[in-house]
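See structure below.
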Amino acid sequence: MNVQIDPAERIKGRLTAPADKSISHRVAIFAAMADEPVLVTNYLEAEDTLSTLAAIEQLGALVERRADGLMIRGVGLRNAQQPTQPIDVGNAGTLLRLLPGWLAGQDGSSFELDGDASIRRRPIDRIAEPLRLMGAEIEATDACFAPFTVTGSRLNGIEYVLPVASAQVKSCVAIAALIAEGPTTITEPDPSRDHTERLLAQAGVKLEREGDRLTVFPTDELTLPEQIKIPSDPSSAAFAIAAAVLVPGSRLLVEDCSVNWTRSGFIKIAQRMGAVIITDLEQRPKDRSTAESEPVSDIDVTAGPLKPTTVAADEVPLAVDELPLIALMACFAEGETRIEGAAELRLKESDRIAAVVTALSDLGAEVEATEDGLIVNGHGSLRGGQVDAAGDHRIAMLGVVAGLASQQGVEVLGVEAASVSYPNFLDEIAALR
Ligand code: S3P
């Protein structure tokens, strides 16, 4: 589906962003691993997280849709059923990387995972390596792609240094650690989103955090709260926030959004660029101690002039999904913005370095790719034109925001890709005009 987005006069109103995608995936998987039922409220009903519900059902969990939420009845840590059909992760990279952590410990059972064309381009060697070190058997297409098979076994704890700051890999290893013999220590090069650690702490799992080292101790049982409410997704809210920052005269209130410090990089970078965003971000704890709950706050946004900035490598994991929006905002600042140390962007739903360069150049921006990032030379405005989402939900929504802030509007090709994380995006943005 193609849509023409005309320039907006202003963005005005209140928005409750959809439920957090990362937390929804994790809560569904954890509830499947638990013995007692969990009522999940505000679960994200989008393509990615529906793939996760289908996957846990294939593994034996029961998912009941009730008026008050999703009741998930799990099978316990060690009792995942071997499905008769391959597990289809759809477009969901988080499901692709997290679920094998659980499956790796299902002694004697085999599981095949596959997904769409984008998933088949995304490497799984990053999880296969630590899981093999723990004792699992993994056979992948061309050594590192889906479709691939995980054969579970009795796992042993390991000391693992993550080669990249990836919350998906950290979470995969942490999940496998629950069923392993002895503790597992994971060292992160830079902090990444910590939803897994928070949920593990809530589930009564023994965790130790010393600086960049996280130790997870095995357990017999996850004791999750009876009810878990998923907060709104800051990565989804970021699209409307960027629109309100860029369209003169705008004022937006995003209500009750996650302000977890491991997800707040976008807001901090935008504030540094001069955006007026008032909110109560969670502070980064000095000792990296593991919090249990997910903090939420309102986010009050007003349009204003922007200046260029440099995004450094250690900020990248804290804003990784929002970096295309930073590049868009940089087009509206005067001067050079650099995004550095972001090679991971090449391995997302699309090669997002190439996708952002193509999209923004087609709209008249001066933008170039580096090996591990982007350089944008901003001229204070953006002409407009056509953006092809090419199956990437965040590029589809980037095109829409660009259209609202552009001089001539933007036609977005394949805008339906937004349904992977934000099915009502077009309607909710239209209501803010
Ligand atoms: C995610 C982690 C990030 C992010 C992805 C979701 C998660 O990936 O880009 O959209 O839920 O753990 P990496 O951890 O691989 O960087």
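Find all pairs meeting these conditions: Cβ atoms under 7 angstrom apart; at least six residues apart or on different chains; first residue within the range 296-313 and in the same structural domain as GLY265 (by TED's automatic domain parsing) and modelled with pLDDT of 95 or more; second residue of a type in the set (Gly, Ala, Ser) and part of a strand (DSSP E or B).
Filtered contacts from the range 296-313: VAL296/SER258; PRO308/GLY335; PRO308/GLY378.
Within the set of pairs 6 or more residues apart or between chains, which connect a residue that is closer than 18 Å to PHE217 by Cα and among the hydroxyl-bearing types (Ser, Thr, Tyr) inside the range 145-168 to a residue that is within 16 Å of the ligand (Cβ to nearest atom) and not in a strand (DSSP E or B) with Cβ atoms less than 6 Å apart?
Partner pairs satisfying both residue conditions: TYR160/PRO130; TYR160/VAL173.
For the structure I just gave you, tell me whether ASP351 is within 16 Å of the ligand (Cβ to nearest atom), surrounded by fewer than 18 Cβ atoms within 10 Å (Cβ to Cβ), free of Cβ contacts under 8 Å to residues at least 60 places away in the same chain and of a type in the set (Asp, Glu).
yes
So that you can scan it fast, the table gives a plain yes or no per residue for (1) in contact with a helix residue (DSSP H, G or I) (Cβ under 8 Å, 6 or more places away or on another chain); (2) away from the ligand (no atom under 16 Å from the Cβ); (3) at pLDDT 95 or above:
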{"site": "ARG10", "(1), (2), (3)": "no, yes, yes"}
{"site": "PRO18", "(1), (2), (3)": "yes, no, yes"}
{"site": "THR41", "(1), (2), (3)": "no, yes, yes"}
{"site": "GLU45", "(1), (2), (3)": "no, yes, yes"}
{"site": "ALA55", "(1), (2), (3)": "yes, no, yes"}
{"site": "GLN58", "(1), (2), (3)": "no, yes, yes"}
{"site": "VAL75", "(1), (2), (3)": "yes, yes, yes"}
{"site": "GLY90", "(1), (2), (3)": "yes, no, yes"}
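Pick out the one residue from SER406, SER350 that is under 18 Å from the mean Cα position of the chain (by Cα) and farther than 16 Å from PRO308 by Cβ.
Among SER406, SER350, only SER350 is under 18 Å from the mean Cα position of the chain (by Cα) and farther than 16 Å from PRO308 by Cβ.
Here's a check for you: in the range 314-346, which residue that is assigned to a helix (DSSP H, G or I) and surrounded by fewer than 17 Cβ atoms within 10 Å (Cβ to Cβ) is farthest from the ligand (Cβ to nearest atom)?
ASP314
Looking only at the range 84-106, decide whether some residue is farther than 25 Å from GLU129 by Cβ and in the same structural domain as LEU222 (by TED's automatic domain parsing).
The answer is yes; a qualifying residue exists.
Out of curiosity, is ASP107 out of contact with any helix residue (DSSP H, G or I) (no Cβ under 7 Å at 6 or more places or on another chain) and touching a residue at least 12 places away in the same chain (Cβ under 8 Å)?
Against the criterion (out of contact with any helix residue (DSSP H, G or I) (no Cβ under 7 Å at 6 or more places or on another chain) and touching a residue at least 12 places away in the same chain (Cβ under 8 Å)), ASP107 qualifies.
Quick one: how many residues across the range 381-400 are touching a strand residue (DSSP E or B) at 6+ places or on another chain (Cβ under 8 Å) and in a helix (DSSP H, G or I)?
Matching residues across the range 381-400 total 5.
Please go through the range 401-414 and give me each residue that is crowded, with 24+ Cβ neighbours inside 10 Å and either in a helix (DSSP H, G or I) or in contact with a Ser or Thr (Cβ under 7 Å, 6 or more places away or on another chain) (or both), ordered by number.
Hits for the range 401-414 are VAL401, ALA402, GLY403, LEU404, ALA405.
Counting only residues that are of a type outside the set (A, V, I, L, M) and within 16 Å of the ligand (Cβ to nearest atom), which one in the range 166-183 is surrounded by the fewest Cβ atoms within 10 Å (Cβ to Cβ)?
Here the answer is SER166.
Restricting the search to the range 151-165, which residues are assigned to a strand (DSSP E or B) and either more than 16 Å from the ligand (Cβ to nearest atom) or outside the structural domain of ALA180 (by TED's automatic domain parsing) (or both)?
THR151, LEU155, ASN156, GLU159
Scan the strands (runs of 3 or more DSSP E) fully inside the range 189-262 and keep the ones with 2 or more residues being within 13 Å of the ligand (Cβ to nearest atom).
none
Mind checking which residues of the range 265-296 are over 20 Å from ARG10 (Cβ atoms), among the small types (Gly, Ala, Ser) and surrounded by fewer than 18 Cβ atoms within 10 Å (Cβ to Cβ)?
Passing the criteria: SER289, ALA291, SER293.
Does SER118 satisfy the criteria of being out of contact with any Asp or Glu (no Cβ under 6 Å at 6 or more places or on another chain), outside the structural domain of SER350 (by TED's automatic domain parsing), among the polar types (S, T, N, Q) and at pLDDT 95 or above?
The answer is no for SER118.
The values are calculated or read from the model by the stated rules, or taken from the named source; none is laboratory data. The shown structure was predicted, so the numbers you read here are calculated from the model rather than taken from an experiment. Here the Cβ is made from the backbone with ideal geometry for all residues, glycine too, and neighbour counts use every protein chain on show.
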